[in-house]
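The structure appears right after this line, and notes come after that.
The values are calculated or read from the model by the stated rules, or taken from the named source; none is laboratory data. Predicted model, so just to flag it, every value in this text is computed and none were measured. Quick reminder, even Gly has a Cβ in these numbers, built from the backbone with ideal geometry, and neighbours come from all protein chains shown.
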Amino acid sequence: MRLMSSAKTERLVNLTMALLGTKRYMTKSEIFRRVSGYSGSGETKERMFERDKDDLRTLGIEIEVASHDPLFEDEVGYRIRPELFQLREKFDSEELGLVSLALGLIADSEFVDTTYSLNRRINSLAVSPLTPEEFRLSEINVVENGLSELLEALSERKTVTFSYQKEGASKSENRRVNSLGLSAWRGSWYLVGEDLDRDDVRVFKLSRISSRIETSSSSNSYVIPADFSIKDYLVMLKPGEYSVKVRVRRALALNLRNMPGSITQLDDDWDLLHIDFKDQEQALREILWLGPDAVVEEPAELRSAVVARLEKLVRNHG
């Protein structure tokens with residue numbers, strides 16, 4: 001089963017390209033008129049557009065919302081800033097190695113066609129992928145049974161039913177759940193959702209689901225609360241007590257900006273983020289990914305650790 005229908009996928013691509021290509025904010029009426037795939041009554045197109053916006057944002061695509069003239073109450077419009085969307089034109093051998101590693105982990109899944117196509121493109125490049133030694137992984141399962149069905153139900157806001165065997169229990173129990181979020185941690189996937197029969201938000205480990213995932217409602221049967229954060233329910237993802245102040249370039253480091261903490265604008269180029277990580281190793285790993293776009297201000301030992309890791313990289317690779 002694919003994550004979404006080909007018609008919806010095509011509509012999302014069309015919408016993304018339209019919002020990327022516009023030099024001004026596109027109103028919804030313009031989008032419905034110019035973007036292929038929106039049909040039906042006005043209410044139907046409104047619902048389709050709201051779902052599409054949520055799906056794109058879930059994929060990490062930032063959509064700006066504003067009016068043409070802030071001095072007047074014009075209809076709001078939408079656009080995607082190219083500088084926040086596009087990837088770098090070139091990748092070095094280690095970066096390509098990490099991409100190849102990620103593709104290899106899902107090569108034996110339902111995404112095999114996509115991974116095969118991407119690997120062919122990587123292999124056609126002049127740069128040979130090289131996986132850094134510290135990232136060599138084995139026997140990690142990042143795709144579990146039921147994952148694609150749950151992703152699709154979450155995208156379409158459909159209630160799901162399944163049998164679930166809790167740790168230590170002798171038999172499975174039927175669950176009826178409104179999915180709120182999915183997250184992976186150390187090779188396992190977790191579903192956070194509202195258990196309708198228990199009237200509470202629960203966490204489910206996908207490997208403990210002992211039946212097929214079935215949908216038991218129509219699309220948009222529930223709404224995810226605006227203040228929902230999966231990190232509030234997964235203990236392993238909750239921030240720790242390792243407090244860091246790091247300076248990052250404006251409009252970059254979305255992964256850090258999405259973490260609990262505060263953001264202070266320093267000037268037109270830099271923001272100061274105050275974030276609590278679980279430990280120094282997590283902070284080091286996240287900040288090193290940003291290269292010259294992040295500068296540790298505090299604590300001093302983390303700053304020294306970043307410098308030491310970068311110096312080692314230079315010694316090993318020149």
Might you check whether a residue that is β-branched (Val, Ile, Thr) and more than 22 Å from the chain's Cα centre (by Cα) occurs anywhere in the range 277-299?
yes
Of all residues making up the range 240-259, the number that are surrounded by 12 or more Cβ atoms within 10 Å (Cβ to Cβ) and part of a loop (DSSP other than H, G, I, E, B)
6
Of the residues 183, 188, 210, 218, only one is of a type in the set (S, T, N, Q) and at pLDDT 90 or above; which?
210
Being assigned by TED's automatic domain parsing to the domain that holds residue 190, of a type in the set (Ser, Thr, Tyr) and not in a strand (DSSP E or B) is the requirement here; does residue 304 meet it?
no
Helices (runs of 4 or more DSSP H) contained in the range 16-135 and holding at least 2 residues at pLDDT 70 or above and acidic (Asp, Glu):
42-58
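Yes or no: residue 177 in contact with a Lys or Arg (Cβ under 8 Å, 6 or more places away or on another chain), under 30 Å from residue 260 (Cβ atoms) and loosely packed, with under 13 Cβ neighbours inside 10 Å?
Numbers: in contact with a Lys or Arg (Cβ under 8 Å, 6 or more places away or on another chain): yes; under 30 Å from residue 260 (Cβ atoms): yes; loosely packed, with under 13 Cβ neighbours inside 10 Å: no.
Taking the combined requirement at face value, the residue does not satisfy it.
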Within the range 211-232, which residues are more than 21 Å from the chain's Cα centre (by Cα) and either assigned to a strand (DSSP E or B) or free of Cβ contacts under 8 Å to residues at least 24 places away in the same chain (or both)?
214, 215
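Considering each residue of the range 148-181, count those that are free of Cβ contacts under 8 Å to residues at least 40 places away in the same chain and in contact with a helix residue (DSSP H, G or I) (Cβ under 6 Å, 6 or more places away or on another chain), and give that number. First the steps, then the outcome.
If we filter the range 148-181 for residues that are free of Cβ contacts under 8 Å to residues at least 40 places away in the same chain, which is where we start, we get 154, 168-175, 177, 179.
Retained after the next criterion (residues that are in contact with a helix residue (DSSP H, G or I) (Cβ under 6 Å, 6 or more places away or on another chain)): 179.
Total satisfying the criteria: 1.
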Which residues, taken from the range 260-281, are more than 21 Å from residue 83 (Cα to Cα) and surrounded by fewer than 16 Cβ atoms within 10 Å (Cβ to Cβ)?
260, 262, 264, 274, 276, 278, 279, 280, 281
Under 6 Å by Cβ, and 6 or more places apart or on different chains, what pairs join a residue from the range 26-48 that is without any contact (Cβ under 8 Å) to a residue 60 or more places away in the chain with one that is outside any helix (DSSP H, G or I) and surrounded by fewer than 17 Cβ atoms within 10 Å (Cβ to Cβ)?
27/75
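Let's see how each residue does on (1) over 17 Å from the mean Cα position of the chain (by Cα); (2) among the hydroxyl-bearing types (Ser, Thr, Tyr); (3) within 21 Å of residue 251 (Cα to Cα):
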position: 20; (1), (2), (3): yes, no, yes
position: 26; (1), (2), (3): yes, no, no
position: 44; (1), (2), (3): yes, yes, no
position: 49; (1), (2), (3): yes, no, no
position: 56; (1), (2), (3): no, no, yes
position: 61; (1), (2), (3): no, no, yes
position: 66; (1), (2), (3): yes, no, yes
Quick check on my filter: what residues within the range 181-210 are in a loop (DSSP other than H, G, I, E, B) and surrounded by fewer than 15 Cβ atoms within 10 Å (Cβ to Cβ)?
186, 187, 197, 198, 199, 210
